[in-house]
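For reference, the structure discussed in these notes is given below.
The values are calculated or read from the model by the stated rules, or taken from the named source; none is laboratory data. These numbers were taken from a predicted model, which means no experiment stands behind them. Ideal geometry is used to build each Cβ from the backbone, glycine not excepted, and the neighbour counts take in all protein chains shown.
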Amino acid sequence: MTRLYAFFAFALAAVLLFSGLASAHPADEFCGPDSGLDPELCRALSEMDQAAPIAQPSEQYGNSEVKVSLDRPMMETVWLYVKLGFVHILPAGYDHILFVLALFLAATTLRQLIWQISAFTLAHTITLGLATMGTISAPAAIVEPLIALSIAFVAIENLLFPSMPKWRPLVVFGFGLFHGLGFAGVLKELGLVKEQLLPSLISFNVGVELGQITIISLAACAVFATGFVRPAIKEPALHRRFIVIPFSLIIAGFGLFWFISRLIGLL
């Protein structure tokens, strides 16, 4: 149990360190030397950025909405956007990581975990698709604080209820809608391949899901590796006392900190 405690403490401390004590959802620099992004796409985006105002300003996220037209193999685009979606979660999506970990902490059975993750996946898939297609929109100034609030809310709910509330999947679904809008903002800032819009969108979402599955898998492996599974089943009260409550408190602290800092950023 001590090793498990240390593992989670180290992981959460690393999150705070890399977040820079500020926003947990910084602008992603996809065209950096270590980004792994296709050089051709980076070049096209750079040329469009330096050209005359070709792209129309986007009111949705306050940036230029760029649509890139490239002639590339379909599978190359699929792999590219799967990778980008995954990287946006691990390691860049600090807030999404903590949200998923809060769901993991609340689940006492595999069924509960599946219900929560399924609700979250369905919700953010809906808004990611609709926002990317331009059907719906919401300012990032509203979306980002709500994402932070969702982290704090779920973690605090973990503290208040000994077992997962029956309404938790509905709550997760509601917050998942805002997380989807956040994913859409990143995807639009990245730039979309016009001729392969749908494959790009689906592939990015697949990458996000793989990132979430990885988070849950790593958390589960940490529990198994420390031999805490059997004690947690036999004595759930100890599991709640030494695992769920302490780490939910930490996650709630992160969420509230990010929520307040993002609200202050609006002033």
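Of the residues Ile147, Ile136, the single one that is closer than 30 Å to Ile245 by Cβ and among the β-branched types (Val, Ile, Thr) is Ile147.
One residue alone among Phe204, Phe173, Phe178 is in a helix (DSSP H, G or I) and at pLDDT 95 or above, and that residue is Phe173.
The one condition from (1) in a helix (DSSP H, G or I); (2) under 20 Å from Gly93 (Cα atoms) that Ala138 does not meet is (1).
Among the residues of this structure, Ile156 counts as one that is out of contact with any Gly (no Cβ under 8 Å at 6 or more places or on another chain) and within 23 Å of Phe254 (Cβ to Cβ). Only residues that are under 16 Å from the mean Cα position of the chain (by Cα) and buried (at least 21 other Cβ atoms within 10 Å of the Cβ) were counted in segment 164-174, giving 1. Considering segment 110-124, and only residues there that are over 16 Å from Thr214 (Cα atoms) and in contact (Cβ under 8 Å) with a residue 12 or more places away in the chain, the residue that is surrounded by the most Cβ atoms within 10 Å (Cβ to Cβ) turns out to be His124.
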